[in-house]
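Presented below is the structure to which this report refers.
The values are calculated or read from the model by the stated rules, or taken from the named source; none is laboratory data. Note that the structure is predicted; figures quoted are calculated from it, not measured. Backbone-built Cβ (ideal geometry, glycine too); neighbour counts: all protein chains shown. The area values use the complete protein model at the heavy-atom level, side chains included, leaving out ligands, DNA and RNA. Shrake-Rupley method; radii C 1.70, N 1.55, O 1.52, S 1.80 Å.
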Amino acid sequence: NMAKEIDISVSIHASKGGMSVSRAESFKVNMSGDSMTHSVQDIDTAAEVLVEADELDQGGWIFVKNLHASQYVDLARQSDTDDDEYLVRVQAGEACLFRVSPLGAGNGVVYAKASGNNTNVEYIIVED
């Protein structure tokens, strides 16, 4: 029996023109690995490695916060991804949390690319 060492909480609320939506979820996840990283990385306009394969070889969770005041950061699984093919965009001052599948050989990294140079990104990586 695992101890469910990872606590995840997500929520969203939007309201406009008399309409609104709201949803919140919290749950616990087992952690079979032991890899955890918390750091800040300077991202530039050329795609660069944010997460190495050995950090999430079993899959896991990635939290990203864009620390820049005006530039966005895009995230993808390939370095040669076209601008319109990036899956995740983190606008200035925003954060996101998502699960990734195991980063095995051949697709073993998560890349980041910013809309301008010197864009600091805080990230946390937790292996399942």
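The modelled label-to-label distance between residue 28 and residue 45, using points 7 Å beyond Cα along the C-beta direction, is 4.8 nm.
Of the accessible area of segment 10-128, with the probe set at 1.4 angstrom, what percent is carbon plus sulfur?
Numbers: 3370 of 6940 Å².
Here it works out to 49 percent.
With the convex hull drawn over the C-alpha atoms of the chain, the volume per residue is 119 Å³. Peptides 39-51, 63-75, 15-27 ranked from most to least packed give 63-75, 39-51, 15-27, packing being the mean of other C-beta atoms within 10 angstrom over each peptide's residues. Within straight-line reach of residue 4, meaning a Cα separation under 14 Å, sit the following aspartates and glutamates at least 8 residues removed in sequence or on another chain: 34, 127, 128.
I'm checking a number: the convex hull volume of the Cα atoms of segment 46-89, normalised per residue, in Å³. What is it?
On the way: hull volume 4.0 nm³, N = 44.
Convex hull volume per residue, Cα atoms: 92 Å³.
Model label sites at residue 54 and residue 78, defined 7 Å from Cα along the beta-carbon direction, differ in position by 2.6 nm.
Protein heavy-atom accessible surface, 1.4 Å probe, per residue over segment 1-114: 63 Å². With the simple model of a label 7 Å out from the Cα in the direction of the Cβ, residue 21 to residue 89 spans 1.8 nm. Label zone of residue 9 (point 7 Å out along Cα→Cβ, amide N under 19 Å): in segment 18-58 this covers 22-30. In straight-distance terms, cross-link reach from residue 113 covers every one of the lysines whose alpha-carbon lies under 17 Å from its own, apart from those fewer than eight places away in the same chain; here that gives 65.
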